[in-house]
1. Has the stretch 96-109 got any residue that is assigned to a helix (DSSP H, G or I), farther than 26 Å from ALA173 by Cα and open to solvent by less than 20 Å² (accessible area, probe 1.4 Å)?
2. TYR55: of a type in the set (Phe, Trp, Tyr) and farther than 30 Å from VAL237 by Cα, yes or no?
3. Can you tell me which residues in the stretch 221-248 are part of a loop (DSSP other than H, G, I, E, B) and open to solvent by 10 Å² or more (accessible area, probe 1.4 Å)?
4. For a quick check of your reading of the model, give me the residue pairs whose first member lies in the stretch 45-67 and is over 12 Å from PHE27 (Cα atoms), whose second is open to solvent by 40 Å² or more (accessible area, probe 1.4 Å) and of a type outside the set (A, V, I, L, M), with beta-carbon atoms closer than 8 Å and at least 6 apart or on different chains.
5. Checking TYR130 against (1) of a type in the set (Ser, Thr, Tyr); (2) in a helix (DSSP H, G or I); (3) under 21 Å from SER238 (Cβ atoms), which test does it fail?
6. Search the stretch 7-26 for residues being open to solvent by 60 Å² or more (accessible area, probe 1.4 Å) and among the β-branched types (Val, Ile, Thr), and hand back the single one that is farthest from GLN62 (Cα to Cα).
7. Residues in the stretch 92-102: is at least one of a type in the set (Phe, Trp, Tyr) and more than 25 Å from ALA277 (Cα to Cα)?
8. Within the stretch 133-147, can you find the residues that are out of contact with any strand residue (DSSP E or B) (no Cβ under 6 Å at 6 or more places or on another chain), open to solvent by 10 Å² or more (accessible area, probe 1.4 Å) and not in a loop (DSSP other than H, G, I, E, B)?
Amino acid sequence: MTARRSAPAVRVVRVLDFLVEQRGKRFGLSELARELDLAKPTVLGILNELTAAGYLVRDPRQHTYGLGPALIAAGRVAQASFAISAIARVELEKLSSAYRTTCTASAVLGDRIAVLESTGPGMVKVGASYHFAPPVGLMYVLWDSDEALEAWLAIPPAVPLEQDETRLRRVVAECRERGYLVESLTAAGRRLYALLAGVADRDLPDELRDIVGELVGSLGERVHLGTDLRPRAHHPVSLLAAPTYDGEGRQNMVLTMYVGASITGAEISRRGTALVAAADAVTAASGGRKPLTPLTNDRNVF
């Protein structure tokens, strides 16, 4: 399925891309319109909005436009995201080698979840992305503040959902206490991400939305709770996930270890401990800090 594109947004990107390619050179309205083969009124509207937002600056004497300070802040955020992913790769490679499996680092960038690093056999494509809206994305706010969790829950869901608030509260509390998430292995789960990869929720045809809705009954449904996991019993596991933190102790990335098989509760614990240790190492190496105590869900945020 081809993603729907916005012609006005494409024109904005063209203006920014052109100025970036010119490495700091400034241009007047007529020059930009000519270089980009766009109408002057169209370019003027774009320039006015980008200047007002700080993404461009206008020289009042020369009447020329160049890149603005807002791009510096945006660039620093993006650079930090990719810098920490490089640090994560070292730890991911260790995990992939030890457990002979695929491991990834991913984060929320804008309104999408993006894969930043991938190691091991059958590597996930770096750059693959998913729309950050329920039911996709719980693990990206699970260890963050209650406000972040509330904000995610408030996003219109990509598909119709039934919300089991009691189970979701248990999932949040247990994962915060344990330090990692265990996602169950189901045929529905495998199909869900394949269906949603690279597709915005608004682009899903009604029929596909209904199918996806059938795959996911409620938030937290596919997460194994502690009471589910017995040390000697085998449990179907899709993946394990653990968070990394920034300098303010806020969750900023998720490391995952793919399993794709039934393993014992004891093995789940062993792998979960290793994954948390890797995530803690990434947090420390990137200058972040892990909260001294797990976040609690004392308030009713659901």
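The values are calculated or read from the model by the stated rules, or taken from the named source; none is laboratory data. The structure displayed is predicted, hence computed values, not measured ones. FYI the Cβ positions are ideal-geometry reconstructions off the backbone, even for glycines, and counts take in every protein chain you see. Side chains are part of the model used for accessible areas, which takes the heavy atoms of the whole protein and leaves out ligands, DNA and RNA. Shrake-Rupley method; radii C 1.70, N 1.55, O 1.52, S 1.80 Å.
1. Yes, there is a match, as at least one residue in the stretch 96-109 is assigned to a helix (DSSP H, G or I), farther than 26 Å from ALA173 by Cα and open to solvent by less than 20 Å² (accessible area, probe 1.4 Å).
2. Yes: the conditions hold for TYR55.
3. GLU221, ARG222, HIS224, LEU229, ARG230, PRO231, ARG232, ALA233, ASP246, GLY247, GLU248
4. Here the result reads ILE46/ARG11; THR51/ARG58; GLY54/PRO69, each pair linking the stretch 45-67 to a residue that is open to solvent by 40 Å² or more (accessible area, probe 1.4 Å) and of a type outside the set (A, V, I, L, M).
5. Of (1) of a type in the set (Ser, Thr, Tyr); (2) in a helix (DSSP H, G or I); (3) under 21 Å from SER238 (Cβ atoms), only one is false for TYR130: (2).
6. Of everything passing the filter in the stretch 7-26, VAL13 is farthest from GLN62 (Cα to Cα).
7. No, the stretch 92-102 has no match at all.
8. If the condition is that a residue be out of contact with any strand residue (DSSP E or B) (no Cβ under 6 Å at 6 or more places or on another chain), open to solvent by 10 Å² or more (accessible area, probe 1.4 Å) and not in a loop (DSSP other than H, G, I, E, B), then LEU138, ASP146, GLU147 are the ones that fit.
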